[in-house]
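Q: Quick one: the structure is below, and I'll ask about it shortly.
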């Protein structure tokens, strides 16, 4: 059973994951407005992944006898100065989420809640991947600079991404 403190903290993280999904959908519309359909696709896939993360936490709270309390989701930003600016915001956002996940792990350890700690380790690993992917995209966009051909090639690459929902264990 979850403590009330742990339940409240995971509920806050569910809201943060839903916000992440909204943010990436907002970025998808930005990229659509720039005729960068591949980037838009990547963001749409990222939004689905963040929704999955929130639902994974939702299910965990229910499985542990807790209650999910949904709150309003903040409105995300909708404008960026460039594709690089948007992707740098992705990296910054993922770094913030990593901090939030680390805070949850710390709380689970403080509460001696071993089941939640084990559950959260999946998210710790996921955040390593998220930061690496976003950082790699930032690096590629810096290398591309103002080269339209490079941007087109990266857009084509990002258009290939497909989110596959992991099998629940």
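Each reported figure results from applying straightforward, stated rules to the coordinates on display, with no laboratory input. Since we're looking at a predicted model, the values are computed, not measured. As a convention, Cβ positions derive from the backbone with ideal geometry for all residues, glycine included, and neighbour counts pool all protein chains shown.
Q: Could you tell me which residue of segment 31-43 is nearest to the chain's Cα centre (by Cα), considering only residues that are surrounded by fewer than 19 Cβ atoms within 10 Å (Cβ to Cβ) and free of Cβ contacts under 8 Å to residues at least 40 places away in the same chain? Break it down stepwise before answering.
A: Applying the first criterion (surrounded by fewer than 19 Cβ atoms within 10 Å (Cβ to Cβ)) to segment 31-43 yields 32-35, 37.
The next check asks that each one be free of Cβ contacts under 8 Å to residues at least 40 places away in the same chain; those that pass are 32-33, 35.
Details: 32: 20, 33: 22, 35: 23 Å.
Of everything passing the filter in segment 31-43, 32 is nearest to the chain's Cα centre (by Cα).
Q: How about segment 129-158: which of its residues are touching a residue at least 24 places away in the same chain (Cβ under 8 Å) and either closer than 18 Å to residue 95 by Cβ or surrounded by fewer than 16 Cβ atoms within 10 Å (Cβ to Cβ) (or both)? If you could, list the steps in order and put the result at the bottom.
A: Of all residues in segment 129-158, those touching a residue at least 24 places away in the same chain (Cβ under 8 Å) come to 130-131, 134-135, 137-138, 141-142, 151, 154-158.
130, 131, 134, 135, 137, 138, 141, 142, 156, 157, listed by residue number.
Q: Condition first: touching a helix residue (DSSP H, G or I) at 6+ places or on another chain (Cβ under 7 Å), closer than 30 Å to residue 147 by Cβ and in a loop (DSSP other than H, G, I, E, B). Can you find one or more residues in segment 35-55 that meet it?
A: For segment 35-55, residues touching a helix residue (DSSP H, G or I) at 6+ places or on another chain (Cβ under 7 Å), closer than 30 Å to residue 147 by Cβ and in a loop (DSSP other than H, G, I, E, B): present.
Q: In segment 159-169, what residues are closer than 18 Å to residue 43 by Cβ, in contact (Cβ under 8 Å) with a residue 40 or more places away in the chain and either loosely packed, with under 13 Cβ neighbours inside 10 Å or in contact with a strand residue (DSSP E or B) (Cβ under 6 Å, 6 or more places away or on another chain) (or both)? Before the answer, list the steps.
A: So the first thing to find is which residues in segment 159-169 are closer than 18 Å to residue 43 by Cβ, and the list is 159-165.
Still in the list and also in contact (Cβ under 8 Å) with a residue 40 or more places away in the chain: 159-163, 165.
Matches in segment 159-169: 160, 162, 165.
Q: Name the residue that is farthest from residue 130 (Cα to Cα), counting only residues in segment 76-106 that are free of Cβ contacts under 8 Å to residues at least 24 places away in the same chain and not in a helix (DSSP H, G or I).
A: My answer is 81.
Q: Within segment 107-119, restricting attention to residues that are assigned to a helix (DSSP H, G or I) and free of Cβ contacts under 8 Å to residues at least 60 places away in the same chain, which residue is nearest to the chain's Cα centre (by Cα)? Give the derivation first.
A: Narrowing segment 107-119 to residues assigned to a helix (DSSP H, G or I): 107-110, 114-119.
With free of Cβ contacts under 8 Å to residues at least 60 places away in the same chain added as a condition, the list becomes 109-110, 114-115, 117-119.
Values: 109: 23, 110: 25, 114: 24, 115: 23, 117: 20, 118: 20, 119: 17 Å.
Checked segment 107-119; the qualifying residue nearest to the chain's Cα centre (by Cα) is 119.
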